[in-house]
Amino acid sequence: MNPVIALPMSMLAQSGAPAVMAGPTLAHYLFISAAMFALGLIGFLTRRNLIVMFLCTELMFQAAGIALIAFSRFHLNHTGETFVIFVLTVAAAEAAMALALVVLLFRRRESLDADTWDEMSG
């Protein structure tokens, strides 16, 4: 019999053996990031409401930010965190422009359906 398994759980933590559930790893964060990005992409491609499409774009930005921070933490440098600041800046600018565009489009045709704006006149 393995002597480490025979020890009580209180002594197991003191013996230097890893805990049964040690906590989130890089793979956990990357899975969450990939799931968020996939949900954002599916929402962007399937929904026709402009506001929902912009929210799905923001969800994809946040998923990329989680992946960058996870890799940055894994490699113990601050490069990913620096890139996240730029991603958040671009996301804020995109949100401001999207809000202005949505207000303008709603005032013109009183609809936020992307299919009604399919044909743009020049």
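Look at the alpha carbon pairs under 8 Å that are at least 6 residues apart: their mean separation over the length of region 25-113 gives a relative contact order of 29 percent. Each of residue 45 and residue 104 was given a label point 7 Å from its Cα along the Cα-to-Cβ line. The distance between the two points is 2.9 nm. Each Lys and Arg contributes +1 and each Asp and Glu -1, all at the Cβ; summed about the Cα centre of region 25-113, the dipole is approximately 220 debye. Among 56-68, 73-85, the peptide with the highest mean count of other Cβ atoms within 10 Å heads the list, and the full ranking is 56-68, 73-85.
Bear in mind these aren't lab numbers, they're just calculated from the coordinates by the rules spelled out. Values in this document were obtained by computation on a predicted structure and should not be read as measured data. A quick note on method: Cβ atoms are made from the backbone with ideal geometry, for glycine too, and the neighbour counts reach across all protein chains shown.
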